[in-house]
Amino acid sequence: IYAAKTDYTKPFTDGSRFEAGLKTARTQTDNEVAYTNTIEGVTTSNYSLSNRFLYDEKINSGYVNYNRSFGPIDIQAGLRLESTKLEGNQLGNIEVPNTSFTRSYTSLFPTFYALSNLDPNGTHTLSFSYGRRINRPYFQQLNPFIRQQDQFTFYVGNPNLLPTFSHNLTLTHSYKGTLNTSLGYSKTIDEIRETLEIRDGIYYSRPGNIASSTIYSISVEVNKELSS
């Protein structure tokens, strides 16, 4: 794993602040599974179960962020741009052919946060936050090789998997910083779930972007020092 980043911060005389940054990351994975059969003291390679999978993922991103207060209201807004390019290569052998795939995608991730004091003493505060997030599939989920789990079940990766995206919103009321009540909403699309396919009595388990979810939540939190 290689990563490099740089950040820039510029404060202004009015109390606001501007931030920006760049980041690049590269992940290279070499995963090899080698099976052998030993019969009557003679060991031979089992090429049908052996597999070597090379995975190379590059993520380049940049962000801007701005903070400012407008009287009793503090606001922070940001935007991140991410560009992802990945390449997978399943090396073949005398029984299994080579397979490879590439994919690239670019996405924007806005964030917003606001905090308001509802009274001059700051006894009651109200905050709101929003953010878009990404959850990428694991490299092993992308590996198209068929791996045997037991006598009747095989696991197959899916190189066509897409990342999962979610929108998250939270509204929080705080009383003296001690009693916090929050309402939450989250919407997720292209969630990765396992699928099953039956062929000739054999179960093939494969991940797929087959789900979406909507979550509503409420939470109450009390922070109190019991002794001093």
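I'd like to check something: does the range 88-103 contain any residue that is more than 30 Å from residue 154 (Cβ to Cβ) and either within 25 Å of the chain's Cα centre (by Cα) or touching a residue at least 12 places away in the same chain (Cβ under 8 Å) (or both)? Spell out the reasoning first.
Narrowing the range 88-103 to residues more than 30 Å from residue 154 (Cβ to Cβ): none.
No, the range 88-103 contains no residue that is more than 30 Å from residue 154 (Cβ to Cβ) and either within 25 Å of the chain's Cα centre (by Cα) or touching a residue at least 12 places away in the same chain (Cβ under 8 Å) (or both).
Tell me yes or no: at least one residue of the range 68-83 is among the polar types (S, T, N, Q), under 21 Å from the mean Cα position of the chain (by Cα) and under 21 Å from residue 28 (Cβ atoms). Looking through the range 68-83, at least one residue is among the polar types (S, T, N, Q), under 21 Å from the mean Cα position of the chain (by Cα) and under 21 Å from residue 28 (Cβ atoms).
Restricting attention to the range 92-101, and to residues there that are of a type in the set (A, V, I, L, M, F, W, C) and either closer than 28 Å to residue 26 by Cβ or surrounded by 13 or more Cβ atoms within 10 Å (Cβ to Cβ) (or both), which single residue is modelled with the lowest pLDDT?
If we filter the range 92-101 for residues that are of a type in the set (A, V, I, L, M, F, W, C), which is where we start, we get 94, 96, 101.
Within this subset, residues satisfying the condition of being either closer than 28 Å to residue 26 by Cβ or surrounded by 13 or more Cβ atoms within 10 Å (Cβ to Cβ) (or both) are 96, 101.
On the way: 96: 85, 101: 93.
The qualifying residue modelled with the lowest pLDDT is 96.
Evaluating residue 145 against the criteria (1) modelled with pLDDT under 90; (2) open to solvent by less than 30 Å² (accessible area, probe 1.4 Å); (3) under 22 Å from the mean Cα position of the chain (by Cα) leaves one unmet condition, (3).
Which of the residues that make up the range 186-212 are open to solvent by 90 Å² or more (accessible area, probe 1.4 Å) and hydroxyl-bearing (Ser, Thr, Tyr)? Break it down stepwise before answering.
Filtering the range 186-212 for residues open to solvent by 90 Å² or more (accessible area, probe 1.4 Å) gives 193-194, 196, 198-200, 203, 210.
Selection gives 203 alone.
If the condition is being of a type in the set (Ser, Thr, Tyr) and modelled with pLDDT of 95 or more, then the range 175-206 contributes 181, 182, 185, 186, 188. Scanning the range 102-119 turns up no residue that is buried (at least 17 other Cβ atoms within 10 Å of the Cβ) and small (Gly, Ala, Ser). Residues of the range 59-100 that are among the hydrophobic types (A, V, I, L, M, F, W, C) and more than 21 Å from residue 18 (Cα to Cα): 59, 86, 91, 94, 96.
For residue 101, all conditions in the list (1) assigned to a strand (DSSP E or B); (2) under 30 Å from residue 184 (Cα atoms) hold save one; what is the number of the exception? If we test residue 101 against (1) assigned to a strand (DSSP E or B); (2) under 30 Å from residue 184 (Cα atoms), just (2) comes out false.
Take the conditions more than 30 Å from residue 76 (Cβ to Cβ), out of contact with any strand residue (DSSP E or B) (no Cβ under 9 Å at 6 or more places or on another chain), open to solvent by 70 Å² or more (accessible area, probe 1.4 Å) and among the acidic types (Asp, Glu) and apply them to residue 32. Does it pass? Reasoning before the result, please.
On the way: more than 30 Å from residue 76 (Cβ to Cβ): yes; out of contact with any strand residue (DSSP E or B) (no Cβ under 9 Å at 6 or more places or on another chain): no; open to solvent by 70 Å² or more (accessible area, probe 1.4 Å): yes; among the acidic types (Asp, Glu): yes.
So residue 32 fails the test.
Taking every residue in the range 126-137 that is surrounded by fewer than 16 Cβ atoms within 10 Å (Cβ to Cβ) and pairing it with any residue that is not in a strand (DSSP E or B) and not polar (S, T, N, Q), at least 6 positions away or on another chain, the pairs with Cβ-Cβ distances below 9 Å are 126/118; 134/163; 135/163. Screening residue 215 on (1) modelled with pLDDT under 95; (2) open to solvent by 80 Å² or more (accessible area, probe 1.4 Å) shows it passes everything except condition (1).
Per-residue answers, yes or no, for (1) within 30 Å of residue 125 (Cα to Cα); (2) open to solvent by 80 Å² or more (accessible area, probe 1.4 Å); (3) modelled with pLDDT of 95 or more:
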position	(1), (2), (3)
37	no, no, no
63	yes, no, yes
67	yes, no, yes
83	no, no, yes
90	no, no, no
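I'm told residue 27 meets every condition in (1) over 30 Å from residue 150 (Cβ atoms); (2) out of contact with any strand residue (DSSP E or B) (no Cβ under 6 Å at 6 or more places or on another chain) except one. Can you identify the failing condition by its number? Status for residue 27: all satisfied but (2).
Taken together, the residues in the range 160-184 that are open to solvent by less than 70 Å² (accessible area, probe 1.4 Å) and under 30 Å from residue 144 (Cβ atoms) amount to 5.
The values are calculated or read from the model by the stated rules, or taken from the named source; none is laboratory data. Values in this document were obtained by computation on a predicted structure and should not be read as measured data. As a convention, Cβ positions derive from the backbone with ideal geometry for all residues, glycine included, and neighbour counts pool all protein chains shown. Note: accessible area is taken over every heavy atom of the protein model, side chains too, but ligands, DNA and RNA are not part of it. Shrake-Rupley method; radii C 1.70, N 1.55, O 1.52, S 1.80 Å.
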